[in-house]
Amino acid sequence: MSRSRAFAVAAACATAAAGGVLIAGGSASAGTISGTLHRDANTPVARWLQSNAGDSRATVIRDRIDSQPATRWLSNFNVATIGSEVATYVNAANAAGRIPALTVYGITNRDCGGASSGGAPDLGQYQTWIGNIARNLGGQTVILNLEPDSIALLTCLNSSEIAARNQALRTAAQTLKAGNPNAKVYLDGGHSAWNSAGEQASRLVAAGIAGADGFYTNASNFQPTSAEAAYGRSIISALNGQGVSGKRQVIDTSRNGGAAGDWCGDDNTDRRIGQYPTVSTGDANIDAYLWIKPPGEADGCRYAAGSFQPDLAYSLASSAPNPPSPSPTSSPSSSPSSSPSSSPSSSPSPSSSFPGGACGATLRAVSTWNGGYQGEVRVQAGNGVSGGWTVSWSLPSGSSISQVWNGTLTTSGSTVSVRNVSWNGNLPADGSTTFGFIATGAPGTPALTCTSP
């Protein structure tokens with residue numbers, strides 16, 4: 001399926017250079033989002049792996065694709081069931097303390113009748129569908145990529161239809177933000193080899209970006225991250241020039257790790273996955289690197305749009321580096337991601353028993369690599385924790401922590417302490433939460449102490 005493919009307009013320009021450099025370590029989240037992205041355990045790639053565990057491609061696909069969080073697409077237009085679909089997904093993410101990311105794809109005349117055509121039969125029914133999504137977004141942070149192609153691709157619409165679509169997008173963004181004030185809503189920004197930054201900014205203004213959090217680029221495309229970041233800065237500058245400030249970018253890095261050529265991923269076997277998903281971008285203009293297009297799902301050229309194809313997945317992953325933090329429930333390389341349940345290098349290492357006080361903590365090395373590791377600490381309450389918790393331990397010689405998510409880090413010499421953030425400081429009796437970190441050196445087996453005021 002095309003799912004925000006470059007479309008024919010951009011095909012001649014789609015000359016992506018090798019790009020998806022993985023961030024390893026580095027600065028903490030510099031955008032407006034912090035936390036761990038949610039990995040959906042019920043995806044086409046996960047189901048394929050369950051049925052094809054002995055396939056020679058399975059290990060690579062599991063370790064480099066299935067281990068990572070991709071966005072959940074809301075692309076089947078069904079007013080009656082969309083609310084429960086969203087609630088199930090969002091509630092599961094919230095219960096795990098993770099950030100759900102959704103791609104909303106149901107606007108009327110989507111994809112201009114291309115391989116991903118469909119959506120709502122009219123804009124009135126579209127708003128009903130959006131309303132049912134908004135009512136089920138919960139109250140915690142949720143990322144919403146609203147309608148790929150809807151702004152960058154307008155060639156099939158006349159002026160009155162463009163005006164109607166812009167109004168529909170403005171209303172949709174407002175409805176989603178009203179449904180959950182903590183929702184982060186991003187509009188279609190095309191990509192760096194399509195419309196000019198000035199043109200795209202003008203379209204974004206017309207579509208109501210003033211009421212959204214920003215825009216996403218490169219959805220389902222292959223432009224290198226560096227080109228997209230530069231393009232995003234140009235759009236932000238152009239928006240500022242039109243009186244719209246404070247907007248940020250999200251970049252789809254699911255297939256931009258290298259290779260130039262035709263836009264259609266079904267036919268190009270030289271692509272590879274780019275930066276692993278994270279909200280820790282180190283760039284104040286960029287809120288997240290997301291896998292908006294799930295790697296291995298077809299564009300609609302050689303295979304049916306949206307179908308999972310293991311040969312495409314293997315082609316994308318086989319020459320890519322392993323994620324520094326392979327995490328089936330999380331985000332990646334360099335960043336706040338979460339706790340992988342099937343990482344080949346995961347080796348649980350209990351570091352403290354729960355003594356029956358206010359709280360206890362255990363550490364496990366989720367993954368390790370040459371010179372560093374990703375750790376996960378589980379904080380568990382006894383009779384309940386109110387007013388917050390703090391976990392402290394001594395790092396082995398030569399080790400240091402570069403990032404923490406779901407907690408706030410302080411250091412004093414070799415001693416590190418991580419305190420809860422606002423949303424995970426109170427735990428019910430026998431309740432638990434987790435925080436994660438990226439560190440240099442080796443994990444060791446430090447003794448952890450957990451205290452609660």
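Values quoted throughout were computed directly from the atomic coordinates according to the rules given, and no laboratory measurement underlies them. Because the structure is predicted, anything quoted here is derived from the model rather than measured. Quick reminder, even Gly has a Cβ in these numbers, built from the backbone with ideal geometry, and neighbours come from all protein chains shown.
List of remarks:
- Each of 85, 228, 161 was scored by other Cβ atoms within 10 Å of its Cβ. Listed from fewest to most, they are 161, 85, 228.
- Over region 59-216, equivalent-ellipsoid semi-axes from the Cα gyration tensor in Å: 25, 19, 16
- Across region 359-451, Cα-Cα pairs more than 23 Å apart make up 19 percent of the total.
- The alpha carbons of region 159-263 give a radius of gyration and a Dmax of 14.0, 42 Å, in that order.
- Fewest-first sequence of 303, 276 by Cβ atoms within 10 Å of each Cβ: 303, 276
- Net charge of Cβ neighbours under 12 Å - reference residue 93; Lys, Arg +1; Asp, Glu -1: +2
- When only Cα pairs below 8 angstrom with a gap of at least 6 residues are kept, region 359-451 shows a relative contact order of 42 percent.
- Put in order of Cβ neighbour count within 10 Å, fewest first, the listed residues 411, 434 become 411, 434.
- Karplus (6.51, -1.76, 1.60) ³J(HN,Hα), θ = phi - 60°, over region 117-130, in Hz, Gly and Pro reported as x: 5, x, x, 5, x, 7, 6, x, 5, 4, 5, 5, 4, 4
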